Amino acid sequence: MPTPFPSQTPRLAGLREAFAALAVALLLTAPALALQAPATPPGIPAVGSGERLSLRGLGVSIEPPPGTIWSVGLREDGAPRAFLAEPSESPRWTLAIERYLCSDRGEAEPEAIDEAIEFLEALRSDRIPFNIRVNRPLEVSGRVGHLLLVEMPLAAAEANGEEPVATAITGFLTVPRDGREFVAFRIAALSESLGEVLPILEQMLASAAVESSEAMRSWERGVLDAGRRRSAAISASRLLEIADGTPRWHRVYRRDEQGSLIELGSFVVRAEPAPLGRLDPARDPENLRPSEQEPGILVSVEARMLPPDSGPAAATEMLDLNLRAWVALDRSSEQWSLRRTIRGDRREPTAAETGIRAAPTTAQPRSVLEVIESSRESMSRAPRQWPLPDEPWLSQAEAILVGPLLAEVAAAGGEFAWRGYDRRLGEVTRRLEQVVPLSDPPGAFELRTLAHPDDPAPMIQRFDSSGALLERRDPDGTITVPIPLEELRRLWTRKGLPLD
(Lines give C-alpha, C1' and ligand atoms only; values in the text may rest on other atoms or scores of the structure.)
Protein backbone atom coordinates (compact mmCIF):
# COMPACT_ATOMS: atom_id res chain seq x y z
CA MET A 1 0.00 0.00 0.00
CA PRO A 2 1.40 3.47 -0.83
CA THR A 3 2.17 5.61 2.15
CA PRO A 4 0.89 9.19 2.41
CA PHE A 5 4.47 10.52 2.49
CA PRO A 6 6.53 11.16 -0.66
CA SER A 7 10.00 9.77 -0.06
CA GLN A 8 11.18 10.00 -3.66
CA THR A 9 10.99 13.79 -4.03
CA PRO A 10 14.23 15.45 -2.85
CA ARG A 11 12.61 18.92 -2.65
CA LEU A 12 10.11 17.58 -0.15
CA ALA A 13 12.45 15.44 1.91
CA GLY A 14 12.83 18.12 4.58
CA LEU A 15 9.05 18.35 4.98
CA ARG A 16 8.16 14.68 5.36
CA GLU A 17 8.03 15.08 9.11
CA ALA A 18 5.50 17.85 8.63
CA PHE A 19 3.33 15.58 6.49
CA ALA A 20 3.45 12.92 9.17
CA ALA A 21 2.54 15.34 11.95
CA LEU A 22 -0.36 16.76 9.98
CA ALA A 23 -1.61 13.31 9.06
CA VAL A 24 -1.58 12.16 12.67
CA ALA A 25 -3.45 15.25 13.80
CA LEU A 26 -5.85 14.82 10.90
CA LEU A 27 -6.74 11.24 11.77
CA LEU A 28 -7.04 11.87 15.49
CA THR A 29 -9.52 14.71 14.98
CA ALA A 30 -11.40 13.35 11.97
CA PRO A 31 -14.13 11.46 13.89
CA ALA A 32 -15.46 14.83 15.05
CA LEU A 33 -15.33 16.25 11.53
CA ALA A 34 -18.30 18.39 10.58
CA LEU A 35 -18.73 20.14 7.25
CA GLN A 36 -20.02 23.63 7.83
CA ALA A 37 -19.61 27.01 6.22
CA PRO A 38 -17.25 29.50 7.89
CA ALA A 39 -18.81 32.10 10.14
CA THR A 40 -18.73 35.34 8.15
CA PRO A 41 -19.56 38.76 9.59
CA PRO A 42 -22.51 40.65 8.09
CA GLY A 43 -21.85 42.30 4.76
CA ILE A 44 -19.00 40.04 3.61
CA PRO A 45 -19.50 39.44 -0.13
CA ALA A 46 -18.95 36.08 -1.74
CA VAL A 47 -16.08 35.66 -4.19
CA GLY A 48 -17.03 36.93 -7.66
CA SER A 49 -16.46 35.18 -10.97
CA GLY A 50 -12.77 35.29 -11.87
CA GLU A 51 -11.95 37.09 -8.61
CA ARG A 52 -8.61 36.27 -7.02
CA LEU A 53 -8.57 36.16 -3.23
CA SER A 54 -5.35 37.65 -1.82
CA LEU A 55 -4.47 36.54 1.70
CA ARG A 56 -1.59 38.83 2.62
CA GLY A 57 -0.98 37.48 6.12
CA LEU A 58 -0.65 33.96 4.73
CA GLY A 59 1.35 34.93 1.66
CA VAL A 60 -1.17 33.07 -0.50
CA SER A 61 -3.50 34.06 -3.32
CA ILE A 62 -6.10 31.73 -4.80
CA GLU A 63 -9.01 31.81 -7.25
CA PRO A 64 -11.97 30.00 -5.64
CA PRO A 65 -15.13 29.03 -7.53
CA PRO A 66 -17.61 31.91 -7.95
CA GLY A 67 -19.84 32.36 -4.92
CA THR A 68 -17.35 30.88 -2.45
CA ILE A 69 -17.79 32.38 1.02
CA TRP A 70 -14.72 33.04 3.11
CA SER A 71 -13.48 34.30 6.42
CA VAL A 72 -10.13 34.79 8.14
CA GLY A 73 -9.53 34.36 11.85
CA LEU A 74 -6.57 34.03 14.17
CA ARG A 75 -5.26 30.90 15.83
CA GLU A 76 -4.40 30.92 19.54
CA ASP A 77 -0.79 31.76 18.63
CA GLY A 78 -1.96 34.82 16.68
CA ALA A 79 -1.24 33.34 13.25
CA PRO A 80 -3.95 33.79 10.59
CA ARG A 81 -6.16 30.96 9.37
CA ALA A 82 -8.39 31.34 6.31
CA PHE A 83 -11.64 29.39 5.80
CA LEU A 84 -13.35 28.91 2.43
CA ALA A 85 -16.54 26.97 1.69
CA GLU A 86 -19.09 26.24 -0.96
CA PRO A 87 -22.03 28.66 -0.55
CA SER A 88 -24.52 26.30 1.09
CA GLU A 89 -25.86 25.54 4.56
CA SER A 90 -24.49 22.03 3.96
CA PRO A 91 -21.42 22.63 1.78
CA ARG A 92 -19.90 19.71 -0.11
CA TRP A 93 -16.40 21.04 0.61
CA THR A 94 -14.51 23.37 2.92
CA LEU A 95 -10.92 24.55 2.83
CA ALA A 96 -8.71 25.98 5.60
CA ILE A 97 -5.35 27.59 4.81
CA GLU A 98 -2.61 27.96 7.45
CA ARG A 99 1.14 28.52 7.78
CA TYR A 100 3.35 26.09 9.71
CA LEU A 101 6.97 25.55 10.67
CA CYS A 102 8.28 22.00 10.86
CA SER A 103 10.84 21.25 13.54
CA ASP A 104 14.51 20.91 12.63
CA ARG A 105 15.24 17.29 13.53
CA GLY A 106 18.38 16.89 11.43
CA GLU A 107 19.58 13.27 11.07
CA ALA A 108 16.82 11.94 13.31
CA GLU A 109 14.13 12.83 10.76
CA PRO A 110 13.91 9.47 8.90
CA GLU A 111 13.32 7.61 12.14
CA ALA A 112 10.61 10.08 13.11
CA ILE A 113 8.90 9.54 9.75
CA ASP A 114 9.03 5.75 10.13
CA GLU A 115 7.48 6.01 13.59
CA ALA A 116 4.69 8.25 12.26
CA ILE A 117 3.93 5.81 9.44
CA GLU A 118 3.76 2.91 11.89
CA PHE A 119 1.42 4.95 14.08
CA LEU A 120 -0.88 5.63 11.13
CA GLU A 121 -1.01 1.94 10.29
CA ALA A 122 -1.90 1.17 13.91
CA LEU A 123 -4.76 3.68 13.66
CA ARG A 124 -6.01 1.90 10.56
CA SER A 125 -6.04 -1.53 12.14
CA ASP A 126 -6.94 -0.82 15.75
CA ARG A 127 -8.72 2.49 16.16
CA ILE A 128 -9.80 4.46 13.11
CA PRO A 129 -10.47 2.74 9.78
CA PHE A 130 -9.58 4.88 6.77
CA ASN A 131 -8.95 4.56 3.05
CA ILE A 132 -6.48 6.67 1.09
CA ARG A 133 -8.37 8.20 -1.85
CA VAL A 134 -5.75 10.62 -3.23
CA ASN A 135 -2.01 10.49 -2.59
CA ARG A 136 0.18 12.28 -5.12
CA PRO A 137 2.38 15.32 -5.76
CA LEU A 138 0.69 18.52 -6.93
CA GLU A 139 2.53 21.55 -8.26
CA VAL A 140 1.47 24.97 -6.98
CA SER A 141 3.04 28.08 -8.55
CA GLY A 142 6.21 26.17 -9.38
CA ARG A 143 6.46 24.53 -5.95
CA VAL A 144 6.03 20.76 -5.65
CA GLY A 145 3.49 20.05 -2.95
CA HIS A 146 1.71 16.87 -1.96
CA LEU A 147 -2.02 16.14 -1.86
CA LEU A 148 -3.34 13.53 0.58
CA LEU A 149 -7.07 12.79 0.92
CA VAL A 150 -8.40 9.99 3.09
CA GLU A 151 -11.91 8.63 3.62
CA MET A 152 -12.93 8.16 7.24
CA PRO A 153 -16.03 7.42 9.34
CA LEU A 154 -18.18 10.44 10.04
CA ALA A 155 -20.77 8.62 12.12
CA ALA A 156 -20.89 5.06 13.51
CA ALA A 157 -23.80 2.65 13.54
CA GLU A 158 -25.22 1.10 16.69
CA ALA A 159 -22.68 -0.84 18.74
CA ASN A 160 -23.58 -4.14 17.05
CA GLY A 161 -20.62 -4.65 14.79
CA GLU A 162 -22.11 -2.95 11.74
CA GLU A 163 -20.02 -0.88 9.36
CA PRO A 164 -20.02 2.92 9.75
CA VAL A 165 -23.10 4.48 8.17
CA ALA A 166 -21.45 7.67 6.89
CA THR A 167 -18.00 8.67 5.71
CA ALA A 168 -16.30 11.89 4.75
CA ILE A 169 -13.16 12.95 2.92
CA THR A 170 -10.52 14.83 4.87
CA GLY A 171 -6.94 15.68 4.04
CA PHE A 172 -4.51 18.40 3.05
CA LEU A 173 -2.27 19.80 0.38
CA THR A 174 1.12 20.72 1.83
CA VAL A 175 3.26 23.20 -0.13
CA PRO A 176 6.83 24.12 0.92
CA ARG A 177 7.68 27.80 1.06
CA ASP A 178 11.28 28.42 2.16
CA GLY A 179 13.46 26.55 4.61
CA ARG A 180 11.30 24.92 7.29
CA GLU A 181 8.11 26.87 6.51
CA PHE A 182 5.20 25.45 4.55
CA VAL A 183 1.56 26.18 3.76
CA ALA A 184 -1.14 23.62 4.51
CA PHE A 185 -4.49 23.61 2.68
CA ARG A 186 -6.81 21.54 4.94
CA ILE A 187 -9.67 19.94 3.01
CA ALA A 188 -13.00 18.42 4.06
CA ALA A 189 -15.58 17.01 1.62
CA LEU A 190 -18.51 14.63 1.42
CA SER A 191 -17.53 11.15 0.24
CA GLU A 192 -20.49 10.76 -2.13
CA SER A 193 -19.60 14.07 -3.79
CA LEU A 194 -15.87 13.46 -4.23
CA GLY A 195 -16.20 12.69 -7.94
CA GLU A 196 -17.85 16.09 -8.50
CA VAL A 197 -15.87 18.05 -5.93
CA LEU A 198 -12.34 16.79 -6.61
CA PRO A 199 -12.01 18.56 -10.00
CA ILE A 200 -13.26 21.78 -8.37
CA LEU A 201 -10.76 21.47 -5.53
CA GLU A 202 -7.87 20.56 -7.85
CA GLN A 203 -8.59 23.53 -10.13
CA MET A 204 -8.78 25.87 -7.14
CA LEU A 205 -5.59 24.51 -5.57
CA ALA A 206 -3.75 24.66 -8.88
CA SER A 207 -4.65 28.37 -9.10
CA ALA A 208 -2.96 29.08 -5.76
CA ALA A 209 0.20 31.15 -5.61
CA VAL A 210 2.52 30.95 -2.60
CA GLU A 211 4.76 33.96 -1.96
CA SER A 212 8.31 33.56 -0.81
CA SER A 213 9.17 34.40 2.78
CA GLU A 214 11.30 37.31 1.56
CA ALA A 215 8.36 38.80 -0.37
CA MET A 216 6.23 38.60 2.77
CA ARG A 217 8.96 40.21 4.87
CA SER A 218 9.41 42.96 2.28
CA TRP A 219 5.71 43.87 2.41
CA GLU A 220 5.77 43.79 6.21
CA ARG A 221 8.80 46.09 6.34
CA GLY A 222 7.05 48.46 3.94
CA VAL A 223 3.88 48.90 5.99
CA LEU A 224 5.84 49.18 9.25
CA ASP A 225 8.14 51.84 7.77
CA ALA A 226 5.05 53.72 6.60
CA GLY A 227 3.64 53.35 10.12
CA ARG A 228 6.82 54.82 11.60
CA ARG A 229 6.50 57.83 9.32
CA ARG A 230 2.86 58.34 10.30
CA SER A 231 3.72 57.92 13.97
CA ALA A 232 6.64 60.36 13.79
CA ALA A 233 4.30 62.99 12.33
CA ILE A 234 2.23 63.01 15.56
CA SER A 235 3.88 65.92 17.37
CA ALA A 236 3.23 67.46 20.78
CA SER A 237 1.94 70.61 19.10
CA ARG A 238 -0.53 68.60 17.02
CA LEU A 239 -1.80 66.76 20.11
CA LEU A 240 -2.30 70.05 21.95
CA GLU A 241 -4.07 71.56 18.94
CA ILE A 242 -6.55 68.68 18.82
CA ALA A 243 -7.15 68.63 22.60
CA ASP A 244 -9.40 71.70 22.71
CA GLY A 245 -11.81 70.43 25.40
CA THR A 246 -14.88 70.50 23.12
CA PRO A 247 -17.47 67.81 23.99
CA ARG A 248 -18.43 65.80 20.90
CA TRP A 249 -21.58 63.68 21.13
CA HIS A 250 -22.25 60.56 19.10
CA ARG A 251 -25.24 58.36 18.35
CA VAL A 252 -24.84 54.56 18.08
CA TYR A 253 -27.45 52.52 16.23
CA ARG A 254 -28.02 49.70 13.75
CA ARG A 255 -30.59 48.78 11.12
CA ASP A 256 -32.79 45.73 11.60
CA GLU A 257 -33.89 43.42 8.79
CA GLN A 258 -36.83 45.70 8.00
CA GLY A 259 -34.61 48.76 7.75
CA SER A 260 -35.75 50.33 11.01
CA LEU A 261 -33.16 52.12 13.14
CA ILE A 262 -32.48 50.51 16.52
CA GLU A 263 -30.78 52.73 19.09
CA LEU A 264 -27.82 51.11 20.81
CA GLY A 265 -26.48 54.00 22.86
CA SER A 266 -24.63 57.29 22.84
CA PHE A 267 -21.33 58.69 24.06
CA VAL A 268 -19.43 61.93 24.42
CA VAL A 269 -15.70 62.45 23.81
CA ARG A 270 -13.54 65.22 25.26
CA ALA A 271 -9.81 65.80 24.81
CA GLU A 272 -7.86 68.36 26.83
CA PRO A 273 -4.30 69.11 27.98
CA ALA A 274 -3.73 67.59 31.42
CA PRO A 275 -0.98 66.26 33.68
CA LEU A 276 -0.88 62.55 34.45
CA GLY A 277 -2.50 63.03 37.87
CA ARG A 278 -5.75 64.15 36.22
CA LEU A 279 -6.33 60.57 35.13
CA ASP A 280 -8.02 60.20 38.53
CA PRO A 281 -10.86 62.73 38.51
CA ALA A 282 -10.97 62.71 42.31
CA ARG A 283 -7.44 64.07 42.61
CA ASP A 284 -6.94 67.76 43.48
CA PRO A 285 -5.02 69.32 40.54
CA GLU A 286 -3.27 71.64 43.02
CA ASN A 287 -1.85 68.79 45.11
CA LEU A 288 -0.28 66.44 42.59
CA ARG A 289 2.97 64.66 43.31
CA PRO A 290 5.94 65.52 41.07
CA SER A 291 5.58 62.20 39.26
CA GLU A 292 1.95 63.06 38.45
CA GLN A 293 2.75 66.44 36.89
CA GLU A 294 4.08 65.13 33.56
CA PRO A 295 2.30 67.02 30.77
CA GLY A 296 0.10 65.19 28.29
CA ILE A 297 -3.41 65.07 26.94
CA LEU A 298 -6.40 63.39 28.56
CA VAL A 299 -9.19 61.89 26.47
CA SER A 300 -12.41 60.95 28.25
CA VAL A 301 -15.30 58.92 26.87
CA GLU A 302 -18.61 58.64 28.74
CA ALA A 303 -21.00 56.17 27.12
CA ARG A 304 -24.43 54.72 27.83
CA MET A 305 -25.25 51.56 25.93
CA LEU A 306 -28.68 49.90 25.71
CA PRO A 307 -29.73 46.27 25.20
CA PRO A 308 -29.76 45.36 21.48
CA ASP A 309 -33.58 45.22 21.30
CA SER A 310 -34.24 48.09 23.64
CA GLY A 311 -37.43 50.09 23.65
CA PRO A 312 -39.59 51.75 26.29
CA ALA A 313 -40.31 48.36 27.88
CA ALA A 314 -36.99 46.64 27.22
CA ALA A 315 -34.63 49.40 28.36
CA THR A 316 -34.59 48.30 31.98
CA GLU A 317 -30.83 47.78 31.91
CA MET A 318 -28.06 50.09 30.75
CA LEU A 319 -24.33 49.69 30.52
CA ASP A 320 -22.41 52.78 31.59
CA LEU A 321 -18.81 53.03 30.35
CA ASN A 322 -16.29 55.57 31.55
CA LEU A 323 -12.90 55.62 29.83
CA ARG A 324 -10.11 58.05 30.72
CA ALA A 325 -6.97 57.71 28.60
CA TRP A 326 -3.82 59.80 29.05
CA VAL A 327 -0.73 59.97 26.83
CA ALA A 328 2.44 61.97 27.43
CA LEU A 329 3.19 64.81 25.03
CA ASP A 330 6.33 62.98 23.88
CA ARG A 331 4.14 59.81 23.43
CA SER A 332 6.64 57.68 25.37
CA SER A 333 4.16 56.59 28.04
CA GLU A 334 0.44 56.24 28.59
CA GLN A 335 -2.14 55.19 31.15
CA TRP A 336 -5.85 54.55 30.99
CA SER A 337 -8.72 53.58 33.25
CA LEU A 338 -12.00 51.99 32.15
CA ARG A 339 -15.02 51.36 34.37
CA ARG A 340 -18.06 49.32 33.32
CA THR A 341 -21.26 49.36 35.36
CA ILE A 342 -24.60 47.72 34.55
CA ARG A 343 -27.48 49.78 35.88
CA GLY A 344 -31.03 48.56 36.14
CA ASP A 345 -32.71 45.43 37.46
CA ARG A 346 -29.51 43.39 37.92
CA ARG A 347 -27.45 46.08 39.65
CA GLU A 348 -24.21 44.29 38.82
CA PRO A 349 -21.06 45.58 40.48
CA THR A 350 -18.46 47.64 38.68
CA ALA A 351 -15.71 46.02 36.64
CA ALA A 352 -12.57 47.96 35.80
CA GLU A 353 -9.55 47.85 33.54
CA THR A 354 -6.30 49.75 34.01
CA GLY A 355 -3.50 50.03 31.49
CA ILE A 356 0.04 51.33 32.02
CA ARG A 357 2.79 51.71 29.41
CA ALA A 358 5.92 53.13 31.01
CA ALA A 359 8.55 55.02 29.06
CA PRO A 360 11.73 53.07 28.20
CA THR A 361 14.66 53.45 30.60
CA THR A 362 18.30 52.43 30.62
CA ALA A 363 17.44 49.47 32.82
CA GLN A 364 14.32 48.65 30.76
CA PRO A 365 15.06 49.73 27.16
CA ARG A 366 11.89 48.12 25.81
CA SER A 367 8.49 49.44 26.85
CA VAL A 368 6.21 47.03 28.68
CA LEU A 369 2.43 47.29 28.64
CA GLU A 370 0.59 46.06 31.72
CA VAL A 371 -3.19 45.67 31.73
CA ILE A 372 -5.04 44.87 34.95
CA GLU A 373 -8.67 43.74 35.00
CA SER A 374 -10.48 43.82 38.32
CA SER A 375 -13.96 43.14 39.66
CA ARG A 376 -15.50 44.49 42.84
CA GLU A 377 -17.67 41.38 43.10
CA SER A 378 -14.83 38.86 43.10
CA MET A 379 -12.23 41.23 44.59
CA SER A 380 -9.84 39.89 41.93
CA ARG A 381 -7.04 41.51 39.96
CA ALA A 382 -5.69 39.83 36.85
CA PRO A 383 -2.56 41.59 35.54
CA ARG A 384 -1.09 40.77 32.14
CA GLN A 385 2.10 42.09 30.57
CA TRP A 386 3.43 42.46 27.02
CA PRO A 387 7.03 43.48 26.24
CA LEU A 388 6.56 45.69 23.19
CA PRO A 389 8.62 45.26 20.01
CA ASP A 390 10.40 48.11 18.28
CA GLU A 391 7.40 49.03 16.11
CA PRO A 392 5.26 52.15 15.80
CA TRP A 393 2.69 52.36 18.58
CA LEU A 394 -0.80 53.90 18.83
CA SER A 395 -1.90 54.74 22.36
CA GLN A 396 -5.48 54.38 23.58
CA ALA A 397 -5.91 58.16 23.62
CA GLU A 398 -4.56 58.50 20.09
CA ALA A 399 -6.78 55.69 18.80
CA ILE A 400 -9.80 57.79 19.79
CA LEU A 401 -8.33 60.85 18.04
CA VAL A 402 -7.03 58.99 14.99
CA GLY A 403 -9.10 61.04 12.51
CA PRO A 404 -7.62 64.45 13.37
CA LEU A 405 -4.15 62.90 13.76
CA LEU A 406 -4.21 61.56 10.19
CA ALA A 407 -6.02 64.47 8.53
CA GLU A 408 -2.83 66.29 7.50
CA VAL A 409 -1.41 63.28 5.63
CA ALA A 410 -4.65 61.64 4.45
CA ALA A 411 -4.49 63.15 0.96
CA ALA A 412 -1.55 60.85 0.13
CA GLY A 413 -3.57 57.72 0.93
CA GLY A 414 -1.79 54.37 1.27
CA GLU A 415 -1.56 51.66 3.91
CA PHE A 416 0.55 51.35 7.02
CA ALA A 417 0.73 49.35 10.24
CA TRP A 418 1.25 50.08 13.91
CA ARG A 419 0.65 48.21 17.13
CA GLY A 420 -1.81 48.93 19.89
CA TYR A 421 -3.94 47.30 22.55
CA ASP A 422 -7.18 45.87 21.14
CA ARG A 423 -9.73 45.82 23.95
CA ARG A 424 -12.14 43.62 22.01
CA LEU A 425 -9.52 40.88 21.79
CA GLY A 426 -7.72 41.69 25.04
CA GLU A 427 -4.43 41.52 23.17
CA VAL A 428 -1.67 43.68 21.73
CA THR A 429 -2.19 43.50 17.98
CA ARG A 430 -0.66 44.92 14.84
CA ARG A 431 -3.44 46.81 13.09
CA LEU A 432 -3.28 47.59 9.40
CA GLU A 433 -4.66 50.96 8.33
CA GLN A 434 -5.75 51.76 4.77
CA VAL A 435 -6.36 55.43 3.96
CA VAL A 436 -8.48 56.28 0.93
CA PRO A 437 -8.96 59.95 -0.10
CA LEU A 438 -12.58 60.89 -0.93
CA SER A 439 -13.90 63.62 -3.20
CA ASP A 440 -17.18 64.22 -1.38
CA PRO A 441 -16.93 66.28 0.68
CA PRO A 442 -13.65 67.80 -0.57
CA GLY A 443 -10.66 66.73 1.51
CA ALA A 444 -12.56 63.89 3.21
CA PHE A 445 -11.00 60.47 3.63
CA GLU A 446 -11.90 56.92 4.58
CA LEU A 447 -9.93 54.91 7.11
CA ARG A 448 -10.22 51.12 6.97
CA THR A 449 -8.83 49.46 10.12
CA LEU A 450 -8.03 45.75 9.83
CA ALA A 451 -7.37 43.67 12.95
CA HIS A 452 -4.94 41.63 10.82
CA PRO A 453 -3.82 41.84 7.17
CA ASP A 454 -6.54 39.48 5.89
CA ASP A 455 -9.40 40.80 8.00
CA PRO A 456 -12.47 40.48 5.71
CA ALA A 457 -14.55 42.83 7.87
CA PRO A 458 -12.60 46.00 8.68
CA MET A 459 -13.90 48.87 10.74
CA ILE A 460 -14.61 51.70 8.29
CA GLN A 461 -14.57 55.35 9.32
CA ARG A 462 -15.17 58.42 7.18
CA PHE A 463 -13.74 61.79 8.24
CA ASP A 464 -13.97 65.30 6.85
CA SER A 465 -10.89 67.32 5.88
CA SER A 466 -10.22 68.27 9.52
CA GLY A 467 -10.49 64.67 10.72
CA ALA A 468 -13.93 65.09 12.33
CA LEU A 469 -15.92 61.86 12.22
CA LEU A 470 -18.69 61.65 9.61
CA GLU A 471 -19.60 57.99 10.10
CA ARG A 472 -18.17 54.80 11.55
CA ARG A 473 -19.28 51.30 10.57
CA ASP A 474 -18.20 48.33 12.68
CA PRO A 475 -18.08 44.73 11.40
CA ASP A 476 -21.14 43.79 13.47
CA GLY A 477 -23.30 46.33 11.64
CA THR A 478 -23.12 49.02 14.33
CA ILE A 479 -23.16 52.57 12.98
CA THR A 480 -21.81 55.61 14.85
CA VAL A 481 -22.44 59.20 13.75
CA PRO A 482 -21.91 62.60 15.40
CA ILE A 483 -25.03 64.31 16.73
CA PRO A 484 -25.73 67.55 18.66
CA LEU A 485 -26.72 66.93 22.28
CA GLU A 486 -30.14 68.58 21.97
CA GLU A 487 -30.98 66.52 18.90
CA LEU A 488 -29.93 63.37 20.78
CA ARG A 489 -32.20 64.32 23.69
CA ARG A 490 -35.17 64.86 21.38
CA LEU A 491 -34.52 61.53 19.65
CA TRP A 492 -34.35 59.53 22.88
CA THR A 493 -37.39 61.30 24.32
CA ARG A 494 -39.41 60.51 21.19
CA LYS A 495 -38.38 56.83 21.42
CA GLY A 496 -39.07 56.60 25.14
CA LEU A 497 -35.48 55.83 26.07
CA PRO A 498 -33.92 56.76 29.46
CA LEU A 499 -32.06 60.07 29.49
CA ASP A 500 -30.62 59.89 33.03
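Tabulated data
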read-out: Count - residues of the stretch 55-81 that are surrounded by fewer than 20 Cβ atoms within 10 Å (Cβ to Cβ), modelled with pLDDT of 90 or more, of a type in the set (Gly, Ala, Ser) and out of contact with any Pro (no Cβ under 9 Å at 6 or more places or on another chain); value: 1
read-out: Neighbours by Cβ (under 6 Å, 6+ apart or cross-chain): first from the stretch 386-398, more than 12 Å from Thr429 (Cα to Cα) and assigned by TED's automatic domain parsing to the domain that holds Thr429; second among the basic types (Lys, Arg) and surrounded by fewer than 21 Cβ atoms within 10 Å (Cβ to Cβ); value: Pro387/Arg366
read-out: Condition check for Ala184: under 27 Å from the mean Cα position of the chain (by Cα) and modelled with pLDDT of 85 or more; value: yes
read-out: Enumerated helices (runs of 4 or more DSSP H) restricted to the stretch 390-500, each holding at least 2 residues that are under 17 Å from Ala226 (Cβ atoms); value: 402-406
read-out: Where Arg278 falls short, out of the listed (1) in the same structural domain as Arg304 (by TED's automatic domain parsing); (2) surrounded by 18 or more Cβ atoms within 10 Å (Cβ to Cβ); (3) within 26 Å of Asp390 (Cα to Cα); value: (3)
read-out: Counted residues, the stretch 175-219 - those being without any contact (Cβ under 8 Å) to a residue 24 or more places away in the chain and under 18 Å from Ala79 (Cβ atoms); value: 1
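The values are calculated or read from the model by the stated rules, or taken from the named source; none is laboratory data. Keep in mind the model is a prediction, meaning the values are calculated, not measured. A quick note on method: Cβ atoms are made from the backbone with ideal geometry, for glycine too, and the neighbour counts reach across all protein chains shown.
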